[in-house]
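Here's the structure, in structure tokens; my notes come after.
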């Protein structure tokens with residue numbers, strides 16, 4: 001059995017990652033999945049979360065939101081609505097999005113879409129967490 005697996009992460013706008021990796025962690029709809037070479041085939045829906053993958057002893061991080069992943073024994077293909085490498089994340093924009101989502105959740109407006117606000121909050125928090133792993137955010 002091979003000790004690496006091909007990883008491809010694609011959004012509607014671009015190819016984000018195309019690499020040979022040792023392992024991948026992905027946010028499946030029902031929790032995180034750890035993928036190693038030789039994994040059983042599966043297709044899963046993605047939720048908002050963090051993707052991590054290892055290459056040559058280094059771990060890389062991405063913030064991802066929604067999509068699908070196809071896992072084969074030799075390849076993982078992720079089709080995501082959004083995917084950002086840690087160094088691509090606009091920290092100030094993510095902070096503003098978090099504040100706006102928190103304000104929506106504390107609103108007494110009966111028209112507030114609380115499910116949407118919760119998703120926006122989670123997305124902003126994941127973006128900030130991933131950015132922090134590159135040392136971009138101090139004390140966040």
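What nm value, rounded to one decimal, do you get for the distance between residue 42 and residue 74 when each label is placed 7 Å out toward the C-beta?
2.2 nm
Once you keep just the Cα pairs under 8 angstrom separated by 6 or more residues, what percentage relative contact order results for the stretch 5-86?
On the way: 220 pairs, mean separation 27.0, N = 82.
Once divided by the residue count of the stretch 5-86, the mean separation gives 33 percent.
Quick one, which of [x] 15.8; [y] 14.9; [z] 17.4 is the actual Kirkwood radius over Cα pairs in Å calculated for this model?
Step by step, Kirkwood radius over Cα pairs in Å for this structure corresponds to label [x].
Using only C-alpha atoms and all pairs of different ones, pull out the Kirkwood radius for the stretch 90-132 in Å with one decimal.
Details: mean 1/r = 0.0962 Å⁻¹.
One over the average 1/r among Cα pairs gives 10.4 Å for the stretch 90-132.
What translational D, rounded to a whole number of µm²/s, comes out for the stretch 5-86 from Stokes-Einstein when the hydrodynamic radius is the Kirkwood one over Cα pairs, at 20 °C and 1.002 mPa s? Walk me through the numbers on the way to the answer.
Working: Rh = 12.2 Å.
Approximately 176 µm²/s, per Stokes-Einstein.
What do you get for the angle between helix 91-105 and the principal long axis of the chain? Use alpha-carbon atoms, 0 to 90 degrees, nearest ten.
Tilt relative to the chain: about 60 degrees.
Report, in degrees rounded to the nearest 10, the 0 to 90 angle that the Cα long axis of helix 114-132 makes with the longest principal axis of the chain.
Helix 114-132 and the main axis of the chain meet at about 60 degrees.
Read the figures in this text as sums done on the coordinates, not as results from a lab. All values reported here derive from a predicted model rather than from experimental measurement. No Cβ is skipped: glycine too gets one built from the backbone with ideal geometry, and neighbour counts run over all protein chains shown.
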